[in-house]
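Have a look at the structure below before the remarks.
Here, each number is a calculation from the coordinates, and none is a lab measurement. Please read all numbers here as calculations on a predicted model, not as lab measurements.
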Amino acid sequence: MKLTIQCLILSFSASALIGCAGSSPADPTAQATPAAINGEKYLLADEPDGAIGVIEARDSAKDGEPVVIVGRIGGAANPWIEGRAAFTLLDASMAMVAEGADNEEGEICLDDCCAEERGKCTTLVKVVDGDGKLVAADSRKLLGISADDTVVVSGTASKDDSGNFTVLAQGVFVRR
């Protein structure tokens, strides 16, 4: 009998704890799951004016200032940051050639020999929320984009003393 009562108490305690562990929709600390993030708020219906290429933006954009850039998703063997709304953007004037292939002016390869040249014509784009935090959803699913898509990105330039250039995007227009 004592064992039965102990089992009932344990069962009741466990179910009470499980019921209390979940967070309610009104809980302000609850994190949105990637599936719950609506990508439409980051997609621009109209192409922004004044877009410049990645190469020009790397040279002229000032840290913390607004920037609008155009380019093609690519410039790396894998231009995606898995599970995050971030991707590599290649200047639209450049073309990628197959690894090991000879490249001419305006072309870069994925070999190590072209790493410095790739760095001059690519940038990392991070889609950020209203608080400036990277959106925790895969950009391919969030924005419906693919490698080689041409996009126009509206955001803020982020440059550091080492010459790293990133665009913190508030909006992305996909050219179709």
Going by amide H atoms built from the backbone, whose H comes under 5 Å of the H on Leu43, apart from near neighbours? Val172
Derived scalar couplings ³J(HN,Hα) [the stretch 115-120; Karplus, 6.51 cos²θ - 1.76 cosθ + 1.60; whole Hz; x for Gly, Pro]: 4, 5, 5, 4, x, 7
For Ile108, what residues show an amide H to amide H distance below 5 Å, using hydrogens built from the backbone and excluding near sequence neighbours? Ala95, Met96, Val97
Can you compute 3J(HN,Hα) from phi for each residue in the stretch 69-77, using the Karplus curve 6.51 cos²θ - 1.76 cosθ + 1.60 with θ = phi - 60°, rounded to whole Hz and x for Gly and Pro? 10, 10, x, 10, 5, x, x, 8, 4
For the stretch 39-48, 3J(HN,Hα) per residue [Karplus equation, 6.51 cos²θ - 1.76 cosθ + 1.60, θ = phi - 60°, Hz, x = Gly/Pro]: x, 4, 6, 9, 8, 8, 6, 10, 6, x
